[in-house]
1. Considering only DSSP beta bridges with both partners in the chain, what is the antiparallel share in %, to the nearest 5?
2. If I model a spin label at ASN32 and GLN87 as a point 7 Å from the Cα along the Cα→Cβ vector, what separation in nanometres do I get?
3. Measuring from a point 7 Å past the Cα of ARG102 along Cα-to-C-beta, which residues in the range 145-185 have an amide N at less than 18 Å?
4. When the Cα centres of the range 22-89 and the range 149-196 are compared, how far apart do they sit, in Å?
5. For the chain, take the longest principal axis of its alpha carbons; what is the angle in degrees between that and the long axis of helix 182-192, to the nearest 10 within 0 to 90?
6. For the chain, what is the calculated [θ] at 222 nm in deg cm²/dmol (nearest 500), taking -39500 (n - 2.57) for each run of four or more DSSP H residues and dividing by its residue count?
7. Could you pull out every residue, at least 5 positions away or on a different chain, whose amide H is within less than 5 Å of the one on ASP171? Hs are placed 1.01 Å off N in the peptide plane, and Pro or chain starts have none.
8. Along the range 131-142, what does the Karplus equation 6.51 cos²θ - 1.76 cosθ + 1.60 (θ = phi - 60°) give for ³J(HN,Hα), rounded to whole Hz, x for Gly and Pro?
Amino acid sequence: MKALIITDIQNDFCPRGALAVNEGDQIIPVVNNLIPHFNLIVAVQDWHPANHGSFAANHPNQQPGNIIDLNGLQQVLWPIHCVQGSQGAEYVATLNKDKIERVFQKGQDPSIDSYSGFFDNGRRNSTGMGEYLKEKGVTETYVVGLATDYCVKYTALDSQDIGFSTTVIEDACRGVEQNPGDIERALEEMRGKGINVIQSPELLNTGL
Ligand code: VGL
Ligand code: ZN
């Protein structure tokens, strides 16, 4: 049983958003096109309180892009983004949401960031997505969305780690690329863990 995991296709990660991912909006038709090929679709939503520790603005003398120690974990500081209830946190209007069975929110705890849709960055708490997918009989996951080098990467690594045969659909993802090469390094790291990286036309041609 296959599931599609759609990560963080939210206004703030798209052009003109607070943490805009280059070409982030270009994946939307690609994702919409994949949706009819899956029986189970879940989505992940970055969902921060305004006082979140990953926001540079919540630390004196810090700028987005700086790296700090946040309660014992290395933390990249970000612009204020995906604040609970804000327009920026909403899913992009053109994403087809009709078949999304469940949304798993992450990043609510101000003391720790959460890139993966399964666990926070310290693996202290689960969102319940892994348990849900296992309950539904899922054995294979396909990960799409934003951002390749953060949410997609950590979601795919956790998915593979907890026993799902995991595929990332590369053209249905875009990355932050804070440093040149981040996206390619993320893909390499995922491949190194046994995750498949494929393109959607290839997947649709071979049949799902
Ligand atoms: C993400 C940066 C900040 C992500 C979330 O989920 O990709 N990236 N917050
Ligand atoms: Zn975030």
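1. Details: 6 of 34 bridges.
Counting DSSP beta bridges with both partners in the chain, the antiparallel share is about 20 percent.
2. 2.0 nm
3. Zone members listed by number: 155-156, 158-165.
4. 16 Å
5. So the inclination is approximately 50 degrees.
6. On the way: 5 runs with 41 residues, N = 208.
When only DSSP H runs of four or more count, the value is -5500 deg cm²/dmol.
7. Under 5 Å from the amide H of ASP171: SER200.
8. 4, 4, 5, 5, 4, 7, x, 6, 10, 10, 10, 10
Since every read-out is calculated from the coordinates, none of them should be taken as a lab result. Every value quoted in this text rests on a predicted model; they were computed, and no experiment measured them. Positions of Cβ are generated from backbone atoms using ideal geometry, with glycine treated the same way; all protein chains shown enter the neighbour counts.
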